[in-house]
Amino acid sequence: MLLSPVALTVVIGLLAVFTPQDVPFSRLLPAAPALAASVWSVRATLTLGVICLLPVIGFALAFSDVSAFYTAGAIVAVSLAAAYASHLRLQREHTLAQVRAVADATQEVLLRPVPARVRNLEIATLYLAAAPQARIGGDFYAVADTEHGLRIILGDVRGKGLPAVGVSAAVLGSFYEAAHDAPDLCRLAHRLDTSVTRYNVDVPAPDGAERFATAVLVEIPPTGSRASVLSCGHPPPLLLHRGDTRSVESAAPSPPINLAALVGSDYHVEHVPFTPGDLLLLYTDGVTESRDDKGTFFPLTTWTRDTDTTSPPALLDLLHRALLRHSGGNLNDDIACVAIRNAPLRMPPTG
């Protein structure tokens, strides 16, 4: 792309030299600086315009060709316009770079970096925003190492893209504080519900009554061989246990965050085995609702069962590639995943 203006200039120049004079290919030379404006700086664009202009003026003076002077005038006019267009493009690129930097900083505030390992637990995350050029969206996750054990939340705000970021921020801000104070997952879910309700009051919107989030909360104690899972209207996690893959379905439904007052505030926690070697995969519905060109949903459970690795980073990397292949690169919803593996503690080397 960077060399395309040079290539175009060379091609036009060769055609002008090796074809009869009655076929004036030189009149195409203004196209070269016009193309340069899309990829080059202002100075480089003007320089190419001068390079195209000089031989045309020389030809016009040598052969007293009036039409060549018109071509020279066109080169000058197009080069000046191209230089201005290049200036505007560079300004827009600078602005876009600043916006991306702000988005990256916002994402780091909302989605804080997750440690790769906490005690005997290996952790990996995957986040893909569906909105074009967006780095953040309506899906969220967070991890907190508390005295109750490792607590994890992964969820999905109704809607997608940037309009859902405010609700995500309210949920995550509450989680980072309440995860350390709430004695159990039910109390933690109550705190999150209250925070989003207050957010809707403080930040009213026409669709405020429909602003809610589904989420799954997980608690893995420092000792023991089980995990607690509370699903607030969210797709069930997948548990890879002793070579088998199963969904952690809730025996009774729990309300999504901000809908407890409407549908009831009873929360139900499931306890599942989580022994060394087991892996728990949390995901948002952007994964399972990803479609191929025939409209077929991505078969996450089958895919997970057929995947050999239980390394969280490797598993999510393979999942990312599989989703792109399945959807043809067209992911229509935000996607977030967290994979947690119970691995043996690393013993320090003996001297």
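Every number here is computed from the coordinates shown, using simple stated rules; none is lab data. If you're wondering where the values come from, they're calculated on a predicted model, not measured in any experiment. Counting neighbours? That spans all protein chains shown, and the Cβs are built from the backbone with ideal geometry, glycine included.
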message: Report the Cα centroid-to-centroid distance between region 41-88 and region 228-284 in angstrom, as an integer.
response: 68 Å
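Regarding region 113-342, what whole-number volume in Å³ per residue does the convex hull of its Cα atoms give?
122 Å³
Quick one: dipole size for the chain, taken about the Cα centre, charges +1 on Lys/Arg Cβ and -1 on Asp/Glu Cβ, in debye to the nearest 20.
Numbers: 26 positive and 32 negative charges, 155 e Å.
Charge dipole of the chain: 740 debye, to the nearest 20.
Using the number of other C-beta atoms within 10 angstrom as an exposure proxy, rank Y70, Y141, Y199 with the fewest first.
Numbers: Y70 13, Y141 26, Y199 19.
So the ranking, lowest neighbour count to highest, is Y70, Y199, Y141.
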message: Based on the alpha-carbon set only, what is the convex hull volume of region 1-117 divided per residue, in Å³?
response: 110 Å³
field: Choice from C186, C337, C232 showing the highest fluctuation, given a GNM over the chain with Cα pairs closer than 10 Å
entry: C186
statement: Among I152, Y199, G243, the residue whose Cα sits farthest towards the positive end of the charge dipole of region 113-342 (+1 at Cβ of Lys and Arg, -1 at Cβ of Asp and Glu, taken about the Cα centre) is G243
- line: Expected sort for S250, S79 with the fewest Cβ neighbours (10 Å cutoff) up front is S250, S79
statement: Largest fluctuation, P312, P24, P236 only, Gaussian network model of the chain with Cα springs under 10 angstrom, belongs to P24
message: In the chain, if the dipole is taken from +1 on Lys/Arg beta carbons and -1 on Asp/Glu beta carbons about the Cα centre, which of G277, V39, L121 is farthest to the positive end?
response: V39
query: At 222 nm, what helix-only mean residue ellipticity would the chain give, in deg cm²/dmol to the nearest 500, using -39500 (n - 2.57) for each DSSP H run of four or more?
result: -14500 deg cm²/dmol
query: region 205-330: percent of C-alpha pairs farther apart than 26 Å?
result: 32 percent
- prompt: Taking neighbour Cβ counts within 10 Å as the exposure measure, how do V229, V17 sort from fewest upward?
  reply: V17, V229
